[in-house]
Ligand SMILES: [Zn+2]
């Protein structure tokens, strides 16, 4: 939905970062050296990584908006995000249906 023609790279950017892709995860993980960005524990197996959306928008998956967290630190975020996550999850499902 652009009022400024199809050459709006902002829209493309938004689409590009609508879902948390593997390459975005890898970017964030490499940046954090595969450690939790809160308690610095190294990720291995079941303790992570999990990804926090810093600005609270689950549709904004730019690496600058993401933090990698271990399961313990993500517990707190999960509570915060789950309130929005209900809608976010629905939108994610829609995205999967129409996105590709
Ligand atoms: Zn942690």
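The values are calculated or read from the model by the stated rules, or taken from the named source; none is laboratory data. All of these numbers come straight from a predicted model, not from anything done at the bench. Methodologically, a virtual Cβ is constructed for each residue, glycine included, from the backbone with ideal geometry; neighbour enumeration extends over all protein chains shown.
Out of all the residues in region 34-76, which are near the ligand (Cβ under 9 Å from one of its atoms) and out of contact with any strand residue (DSSP E or B) (no Cβ under 9 Å at 6 or more places or on another chain)?
40, 47, 72, listed by residue number.
Among the listed residues 93, 61, 55, 11, which satisfies the condition of being part of a loop (DSSP other than H, G, I, E, B), surrounded by fewer than 17 Cβ atoms within 10 Å (Cβ to Cβ) and either within 15 Å of the chain's Cα centre (by Cα) or at pLDDT below 95 (or both)?
Testing whether each residue is part of a loop (DSSP other than H, G, I, E, B), surrounded by fewer than 17 Cβ atoms within 10 Å (Cβ to Cβ) and either within 15 Å of the chain's Cα centre (by Cα) or at pLDDT below 95 (or both) leaves just 55.
For the list (1) under 22 Å from residue 26 (Cβ atoms); (2) at pLDDT below 90, I need the number of the one condition that residue 70 fails.
Result: residue 70 passes all but (2).
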